[in-house]
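Worksheet: one structure, shown below.
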Amino acid sequence: MKILICLSNVPDTTTKAKFVNDNTAFDTTGIQWIINPWDELALTRAIELKSDAANSIENITVITVGEKDAEPTMRKALAIGADDAVRIDAEPTDAYFVAAQIAEYLKSNPFDLIFNGIESADYNGSAVGGMLAEFLNIPSVSAVSAVNIENGQVKIKRDIDGGTEEVSSELPVVAIAQKGIAKEPMIAAMRGIMMARKKPLNVVAPVEIEALTGIVNFELPQPKPPCKMIEPDNVKELVNLLQNEAKVI
Amino acid sequence: MSVLVFTENWDGKFKKMSFELVSYASKIAEMLNIQTVALSIGDVQEDELKKLGNYAADKIISVNNDKLKNLDNQAYTSVIAQVAEKEGAKVVIIAHNNTGKALAPRLSVKLKAGLGAGVSKLPLSLDPFTIFKKVYSGKAYSNLVIKSDIKILTLAQNSFEFEENIKSPAIESFEPALSDDLFKTTVSNVQKQTGKILLIDAEIVVSGGRGMKSGDNWSPIEELADLLGAATACSRPVSDEGWRPHEEHTGQTGKIIAPNLYIAAGISGAIQHLAGISSSKCIVAINTDKDAPIFEAADYGIIGDTAKVLPDFIQAVKEMK
């Protein structure tokens, strides 16, 4: 079985958003770039699955659509334990564009189990995984909180709105991972970091695709009015305010 | 031509979200001067379907087929696409919940329709079709243009003030073409959460952080939640420590919620936590540290120990009733 993880290269989650060029571009000054947290959990789970020989996983590949500056993040994924990496050399303009690029690559490079994170920490579209599956006419399972392999069968647990379900799927399948799929993201060991330098990172030319959406500009949220402080021995007053001023209870 | 809205039911009943969706769709239909068509998949009785008319649906299409008992993303996408085609949908509205997030991207490819995910307002303009949405997990917003002929929007839960506008829509049943090769997944072992208010649906959420000191100290959180009809939640360190299940983790990498009232007890308010709760309409913070960032996001604050403040809070709510 071959596993693919679609990675997004995103600003560290502690980043405060700032914009430049009349608020049309994200200010990348001093930004730490990381593997999108959900993608990192999916990668962790893939490595856990591979470590059990009974699962017969030949290979874990990570793929991204991005420019050269995404490579350190790809190397990090290789250091954690992916076997090889593919970078489709294009600026990721929207989810449709990204999914179409990956789908095109997969037509000649098939995989069995494809992971996506449930959303990316930048544009929060929750979209690439589902789009990819539709482009390839293969099943997708979303909000996945566990993946196991039993006798070559992929068993998936997903959240539905109001519960959980176990789903088995024909392969290939796109599993869209959320929290729970792995406990904690795996951290690269020194040996992994050394080995990552020698692992293949293939750069592929993009195909011509037109994005369906475009960002005009960004806005920062309005600052909130200051917090109204209530004395700790006067919680009654808080309840009164919630009831009569905010009218929320 | 129409605005098509995909509604969801649970055991044959619509949830509030479906009415929000229909109301939102009807406002866009009004802007475009076209009809609002609501699609329901599942076994829903006529009386219940009619309720969608209370939020200005002009027409209701009901698909009831045993093959669609469980959510298969590929099959559901095909059904929505068939209805979209039949009704000449210009805009498709879907919930930004687990089901919606699973279906909308597939539909985007199927209809070659640009996707605006997680909107909370009506489009800012129709030509170009411009929407306003959160990016960077709520740390910023963007104005996004959808360039395709058909547009898909997913609406964030509890974000749109919906209103009644009673119409008497025609109800039409529709038999979609469902070839076997659409069904590649099999569902087993369905576990429904019962008796508990779902975090994502809750109008009030009581949430605890590291300041609660131990998972054993959770009973005041639960008691307050019970009294207020609220769901319980927690910050990331709490779920990482295993004090509470990961389903309760609220924040950038956990659940993103927008209740009317969010009570943060012993949560300092790391930027990732705030990203998950900042859309709440009212935030109450209880923390011993007066410099905790949660107070910058909060509407009401108490500097104090949760071990003392929460029991007083419970008492005050009891007296209120």
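The values are calculated or read from the model by the stated rules, or taken from the named source; none is laboratory data. Since we're looking at a predicted model, the values are computed, not measured. Cβ placement follows ideal geometry from the backbone for every residue including glycine, while neighbour counts extend to all protein chains displayed.
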Residues that are within 19 Å of the chain's Cα centre (by Cα), touching a residue at least 24 places away in the same chain (Cβ under 8 Å) and buried (at least 17 other Cβ atoms within 10 Å of the Cβ), drawn from the stretch A:146-171: A:VAL147
Odd one out for A:GLN243, checked against (1) within 7 Å of chain B (Cβ to nearest Cβ); (2) crowded, with 19+ Cβ neighbours inside 10 Å: (2)
Failed criterion for B:LYS59 (all others in (1) away from chain A (no Cβ under 13 Å); (2) farther than 18 Å from B:ALA29 by Cβ hold): (2)
Those residues of the stretch B:119-145 which are more than 8 Å from every other protein chain (Cβ to nearest Cβ) and farther than 18 Å from B:ALA258 by Cα, in sequence order: B:PRO123, B:LEU124, B:SER125, B:LEU126, B:ASP127, B:PRO128, B:PHE129, B:ILE131
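I'd like to check which helices (runs of 4 or more DSSP H) are fully inside the stretch A:65-166 and have at least 2 residues that are under 25 Å from B:SER108 (Cα atoms). If you could, list the steps in order and put the result at the bottom.
Numbers: elements: A:71-80, A:95-108, A:128-136.
Fully inside the stretch A:65-166 and qualifying: A:95-108, A:128-136.
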Residues of the stretch B:4-52 satisfying the condition of being free of Cβ contacts under 8 Å to residues at least 60 places away in the same chain, among the basic types (Lys, Arg) and surrounded by 15 or more Cβ atoms within 10 Å (Cβ to Cβ): B:LYS51
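Tell me, yes or no, whether the stretch B:47-65 has at least one residue that is of a type in the set (Phe, Trp, Tyr), more than 24 Å from B:LYS112 (Cα to Cα) and assigned by TED's automatic domain parsing to the domain that holds B:LEU155. Explain how you work it out, then say what you get.
Step one: list which residues in the stretch B:47-65 are of a type in the set (Phe, Trp, Tyr), which gives B:55.
Cutting the leftovers down to more than 24 Å from B:LYS112 (Cα to Cα) gives us B:55.
Now narrow it down to the ones that are assigned by TED's automatic domain parsing to the domain that holds B:LEU155: B:55.
Yes, the stretch B:47-65 has at least one match.
Any residue at all in the stretch B:175-197 that's β-branched (Val, Ile, Thr) and away from chain A (no Cβ under 14 Å)?
No, that holds for no residue.
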Residues of the stretch B:286-306 classified as more than 7 Å from chain A (Cβ to nearest Cβ) and either basic (Lys, Arg) or crowded, with 21+ Cβ neighbours inside 10 Å (or both), total: 6
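Being away from every other protein chain (no Cβ under 12 Å), out of contact with any helix residue (DSSP H, G or I) (no Cβ under 6 Å at 6 or more places or on another chain), assigned to a helix (DSSP H, G or I) and crowded, with 20+ Cβ neighbours inside 10 Å is true for just one of B:ALA104, B:ALA84. Which residue is that?
Working: B:ALA104 fails: away from every other protein chain (no Cβ under 12 Å).
Exactly one of B:ALA104, B:ALA84 is away from every other protein chain (no Cβ under 12 Å), out of contact with any helix residue (DSSP H, G or I) (no Cβ under 6 Å at 6 or more places or on another chain), assigned to a helix (DSSP H, G or I) and crowded, with 20+ Cβ neighbours inside 10 Å, namely B:ALA84.
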Which numbered condition B:THR253 fails, given (1) touching a Lys or Arg at 6+ places or on another chain (Cβ under 8 Å); (2) of a type in the set (Ser, Thr, Tyr); (3) more than 11 Å from every other protein chain (Cβ to nearest Cβ); (4) over 25 Å from A:LEU238 (Cα atoms): (3)
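Just to be sure, is B:LEU178 over 30 Å from A:VAL248 (Cα atoms) and touching a residue at least 24 places away in the same chain (Cβ under 8 Å)? Explain how you work it out, then say what you get.
Details: over 30 Å from A:VAL248 (Cα atoms): yes; touching a residue at least 24 places away in the same chain (Cβ under 8 Å): yes.
It is true that B:LEU178 is over 30 Å from A:VAL248 (Cα atoms) and touching a residue at least 24 places away in the same chain (Cβ under 8 Å).
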Of all residues making up the stretch A:172-201, the number that are more than 20 Å from A:LEU4 (Cβ to Cβ), among the β-branched types (Val, Ile, Thr) and under 19 Å from the mean Cα position of the chain (by Cα): 1
Test set (1) among the polar types (S, T, N, Q); (2) at the interface with chain A (Cβ under 7 Å from one of its Cβ atoms); (3) crowded, with 19+ Cβ neighbours inside 10 Å - B:SER148 fails condition number: (3)
Strands (runs of 3 or more DSSP E) contained entirely in the stretch A:188-242, each with at least 1 residues that are of a type outside the set (S, T, N, Q) and farther than 30 Å from A:ALA85 by Cα: A:213-219, A:228-230
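For residues in the stretch A:93-132 being of a type in the set (Phe, Trp, Tyr) and in contact with a Lys or Arg (Cβ under 8 Å, 6 or more places away or on another chain), which is surrounded by the fewest Cβ atoms within 10 Å (Cβ to Cβ)?
Taking the stretch A:93-132 as the starting set, the residues that turn out to be of a type in the set (Phe, Trp, Tyr) are A:96-97, A:105, A:111, A:115, A:123.
Next, from what is left, pick out any that are in contact with a Lys or Arg (Cβ under 8 Å, 6 or more places away or on another chain): A:111, A:115.
Working: A:PHE111: 22, A:PHE115: 28.
This residue is A:PHE111.
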Filter result (buried (at least 21 other Cβ atoms within 10 Å of the Cβ) and within 8 Å of another protein chain (Cβ to nearest Cβ)) within the stretch B:62-81: B:LEU71, B:ASP72, B:ASN73, B:GLN74, B:THR77
Which listed residue, of A:ALA182, A:ALA196, A:ALA188, is surrounded by 15 or more Cβ atoms within 10 Å (Cβ to Cβ), more than 7 Å from every other protein chain (Cβ to nearest Cβ), among the small types (Gly, Ala, Ser) and closer than 30 Å to B:GLU8 by Cα: A:ALA182
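Residues checked against (1) in a helix (DSSP H, G or I); (2) not charged (D, E, K, R):
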| site | (1), (2) |
| --- | --- |
| B:MET17 | yes, yes |
| B:LEU21 | yes, yes |
| B:TYR24 | yes, yes |
| B:THR36 | no, yes |
| B:GLU48 | yes, no |
| B:LYS51 | yes, no |
| B:LYS67 | yes, no |
| B:ASN70 | no, yes |
| B:GLN74 | yes, yes |
